[in-house]
Structures are given as C-alpha cells and as structure tokens.
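J.: Next up is a structure, given as structure tokens.
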Amino acid sequence: MKNYYIIDFDSTFTQVEALDELARISLEGHPDQEKVYKEIENYTNLAMEGKISFRESLAGRISLLKANKEHLSKLVKHLKKKVSKSFERNREFFKQNEDTAWIVSGGFKEFITPVVSLYGIKEENIYANTFTFDENGYINGYDQENPLSDEGGKVKLLKALNIQGNIYGIGDGYSDFQLKESGLIAKFFAFTENISRKSVTEKADHVTPSFDEFLYVNNLPSAISYPKNRILCLIIGDVPQMSAHILKRDGFSIRVKESFEEKYTEDVGMLLLGADIEISDEQLSRADKLKTIGYLGDIKGKISKTICNEKGIVVFDDKKNKVHNVEFIPRRMADFINNGDTDQSRNFPNLMLPKKMKGHRLLHIHKNVPGILARINNVYAENNINILSQFLMTRGDIGYAVTDIDSNYDKKLIKQLKEIDNTIKFRILYK
C-alpha cells in the first residue's frame, strides 16, 4: 500500500497563520488595528486548541478582515518568504512524492496554491477552502459547501476521498489531531517548529520539532543526515540571550544550565559556554557525541585543547573579548554543524567551505600522519565513487578532509572510512 502524507498549511508548512497575516496587511492604518488583530488571533487560537468550532472561528475571522484581492496578492508574496525552514530545505521530498504529498488545510486556496505549488505539490492535491468576493473584490465569505469549512472538516474530507493507503498526518492544530482520533490515519505527528500546543502534542503519536525529524523517524530521504532538533546544545554560564537565540532559531535542542550536569555528558553535541566556565578533563573525555565548543572568553586553562583534538571537537573562542563574538561564535558553531566550516577555529585547520549544491559531504577528522589522504581516496576508488570536490588542511596534530560525493553509494563505504587507521571522528552532511 502507498504511503500518503497529509500536511497542514498554517503554522506547519508556513511559519505563520495566513489569515492572521492577512489581517495585518488589510488592517494597516486602521485606527483599531491592534484591537481587531487580537480578536482575529484569539479566534485562531481557540479553534486550534479545540475550544470553539472551526466554523465559528472561520466566520469570526473573515467578518473582521476587511480584505480584498490586492491584499491577497501582498499576502502571497509574504507567505513565500515564510515557508518553514525544514520544509524549505526538503523540496526534493515533494518532487519525489508528488502524487502522495498533499496539503489539507482549513485555510484558503487563494493563498495556499501559489505558495506550495513552487515545491512541486500538484494543484489537485491541495485541499482547502475558497473565498467568495463582492463586486468590489472584497472578501465577503467562503464556500460553505466545502467540508473543510465545517467542524471536523478534515475528517469529513478524508472519509469522502476514501484513500487506499497508509496515511500520515502532520500538523499543529486540533483539526489535525481529529484525523487520528477518527481512525482514518496511521499516525499523527504534531509539528512544533513554529508553535507547540499542549492540547495537541499530548495526544500525538510523535512530536516532530521539524520536517527533518518526521523524515528521519520514517526512514524517508532527507536534506540533512541527522535532525538538528536531536543535537543537544548545552548553554552554561553567563551567555547573552542573543547567543542562545541564534542556535535555537537554527533548530538545535537548547538546554540552559548553571553547570555541566553529569546526565548530559554522553548526549551533548554542542557546548556554548560563558567566560570562566571550566570543563573537567574527565568529563570532556567521556563526551563522545560532542562536536563543537563555543567559548565566550579565552579558553586557555579552562578546557583541555589536547583532549578536544583527540576527540575531534572543534573549538571557537573569544580570547580578545570582542563585542560581536556574542553573535559570531554561535554562528561559527552552527556553520560547522551545517556546512563543515572550521574558519576561525582555535584548534582546527581553518576551512571556509563552499555551500554544497548536491550529493553528500563527508567530514573525516584524523591524526595528521603521512599517507592518510591516499588511504581515504583509495577507499573512494575501490567503491567507484565520483568525487565532486575535495578539501584537505592540517594544523598541528589534526587533519581535516572534506569530500563531496554523489549520493548514490553503498553504505559499506561509510564503515570503511571510519575504520581507516588514525581516524578520530567522521560525519556525513547531506545538502
């Protein structure tokens, strides 16, 4: 049986609630703009939490909008820039699943279709409401015969469609959960990249902080090799909120703590530390998943650079106490995780890499000994790998080889690369 993916639009495919954004556009300059907007936003939230019927919410919002077709055009331009980041980077998924990736929304085709069609979603696979207009082009209502305009509309629609296959629902609201409650879908994934509603997440089969996570747990092709929401980033000490915000916005799982608690030692992937925070050699030596440390101060004497080198941990620090490093250091950490960049690192060869356009990027961290690049390339040759580009740089006792290859390869390649003598750490980046 085929797998079908039923995806919500507002606050799922896009970062925002489209009708709320339309209100901001149409009410611009209105003397009671904020008051009316709050009323519209309240209707949205009450329906998403299941506290009022969807039809009541929809009718209430539309009566307050005062929007016309010109406002809709502005909204579409705005929404194209507000597609959720994890959906944006997984465009290829929609191309590969153009017959089974559907948008099902209580929103409106007038603004949904122009946005999602850019991702290869077929118009016939977009199910949403439609507006009605008066003679002057102002929205005066909606098609009340459309099942999606009614309470439990998504359930009614799927019953009518009678899809023969395994259906997975992805959304942030109560109407999405109703699909699971009805028994029509195999699993419901509560999408929380933009907003998390407790009334929805506590009933979901799985909480997915990103579309990457959904693809990962379902063994589907993804743009990244490992969901960033699964990479634990500990923030310890006096770290400005801006620094934490940069990493949180990038999708990493953030924990703010006063000290490096023992329970996090085995799972931490990133450390962002305030000045004067010390990490013991014993604890650092057991942090096997740790990939990078950002230090808002001079790391000398606080953390062992030797152990970091031995474990392939890339360090970015602030030994000159520059003001801009509050933003620069967390961005450097993110760029290493996302692209493999080590530029401005305290202990690694400094590489500023080009953005990868296709294939997979393989990061091989090793001891700087003679002949290791030849051994790496012998493995590629033995596996008939087409190398798209390759970069190698050394610094002291560390060597760093970055290789972009076609994504069509046998997984035994990865095992062979990890088993090369003097390998310290190995990681794969998708595009």
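J.: Residue check: is N162 surrounded by fewer than 17 Cβ atoms within 10 Å (Cβ to Cβ), farther than 30 Å from G340 by Cα and of a type in the set (S, T, N, Q)?
T.: So N162 fits the description; yes.
J.: Report whether or not D335 is part of a helix (DSSP H, G or I), touching an Asp or Glu at 6+ places or on another chain (Cβ under 7 Å) and of a type in the set (D, E).
T.: Spelling it out, D335 is indeed part of a helix (DSSP H, G or I), touching an Asp or Glu at 6+ places or on another chain (Cβ under 7 Å) and of a type in the set (D, E).
J.: Also, quick follow-up: Would the stretch 314-326 turn up any residue that is in contact (Cβ under 8 Å) with a residue 12 or more places away in the chain, out of contact with any Phe, Trp or Tyr (no Cβ under 7 Å at 6 or more places or on another chain), among the aliphatic types (A, V, I, L, M) and crowded, with 23+ Cβ neighbours inside 10 Å?
T.: No, the stretch 314-326 has no match at all.
J.: Continuing with the same structure: So if I check each of E49, E34, which one is touching a Lys or Arg at 6+ places or on another chain (Cβ under 7 Å), surrounded by fewer than 16 Cβ atoms within 10 Å (Cβ to Cβ) and more than 25 Å from L161 (Cβ to Cβ)?
T.: Exactly one of E49, E34 is touching a Lys or Arg at 6+ places or on another chain (Cβ under 7 Å), surrounded by fewer than 16 Cβ atoms within 10 Å (Cβ to Cβ) and more than 25 Å from L161 (Cβ to Cβ), namely E49.
J.: Filter the stretch 354-371 for residues that are buried (at least 19 other Cβ atoms within 10 Å of the Cβ) and out of contact with any Ser or Thr (no Cβ under 8 Å at 6 or more places or on another chain) and give the result.
T.: Residue satisfying the conditions is L363 alone.
J.: If you don't mind, another one. Can you confirm whether M352 is part of a strand (DSSP E or B) and hydrophobic (A, V, I, L, M, F, W, C)?
T.: no
J.: Which numbered condition trips up Q416, out of (1) assigned to a loop (DSSP other than H, G, I, E, B); (2) touching a helix residue (DSSP H, G or I) at 6+ places or on another chain (Cβ under 6 Å)?
T.: Here Q416 meets the rest and fails (1).
Quick note: the coordinates plus some simple rules give every number you see, no bench work behind them. Predicted, not measured: the structure shown is a model, and the values here were computed from it. Here Cβ is always computed from backbone atoms with ideal geometry, including for glycine, and neighbour counts include all displayed protein chains.
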